[in-house]
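Take a look at the structure below.
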Amino acid sequence: MKCTSWFLLLMLLCIPYSKGIEIDPLNFGIIVIPDNSKPHTLVLSANNTSRSDSLHILQTGNPAKLLFENLPARKQVFFSDNAAATRLTSPYTGNYFTIDTLLYRNSVFTDEVGAVLLSVGAQISTSGNAMSYNDGAYSGLIEVTLSY
């Protein structure tokens, strides 16, 4: 059986037909991009640690928290996603970030009431197109699928 949860990065979105509920959105924090002449990466792990090759992290963000309920108790479940190459955009600029990969545990067991809380981090890259980034939120839509 599959259960799909949609979540919007940096903003909250709940889809009524989904068994997945977004508790916290994925938030990369506040970063400074001193040079965008080539792509640079930022990694926010599922356990809430951030690192970057050359971006300055002024304020650490947080991984997304997705709650899946009404599943069989103590059952192993598996997660997959469609995030590779998803662009995070802003209505105030033509520039973007790209999600290289989502970071989460691929398989976990539900608890005694059939629920599981999934923490989701990600690795993103700057565009590397030499355009500057405007201040503001950059967002995109990602699908995470639970199977068992």
Using the alpha carbon gyration tensor of the chain, what are the three equivalent-ellipsoid semi-axes (square root of 5 times each eigenvalue), largest first, in whole Å? 30, 14, 12
How much length would be gained if the chain were fully extended between residue 54 and residue 143, taking 0.36 nm per residue of separation minus their Cα-Cα distance, in nm to one decimal? 29.2 nm
Ignoring ligands and nucleic acids, residue 65 exposes an accessible area, probe 1.4 Å, in Å² to the nearest 10, of 60 Å²
Which sequence of 90, 37 reflects their accessible areas, 1.4 Å probe, from the largest down? 37, 90
Accessible-area order (highest first, 1.4 angstrom probe) of the listed residues 143, 112, 69: 112, 69, 143
By the mean-Cβ-within-10 Å protection proxy, highest first, 120-129, 133-142 rank as 120-129, 133-142
Between region 58-84 and region 104-148, what is the separation of their alpha carbon centroids in Å? 8 Å
How large, in percent, is the carbon and sulfur part of the accessible surface of the chain at a probe radius of 1.4 Å? 53 percent
Per residue, how much accessible area does the chain have with a 1.4 Å probe, in Å²? 52 Å²
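The values are calculated or read from the model by the stated rules, or taken from the named source; none is laboratory data. Treat the numbers as computed from the prediction; the structure is a model and nothing was measured. Positions of Cβ are generated from backbone atoms using ideal geometry, with glycine treated the same way; all protein chains shown enter the neighbour counts. Each accessible area value is taken on the protein alone, full model and side chains, heavy atoms only, with ligands, DNA and RNA left out. Shrake-Rupley method; radii C 1.70, N 1.55, O 1.52, S 1.80 Å.
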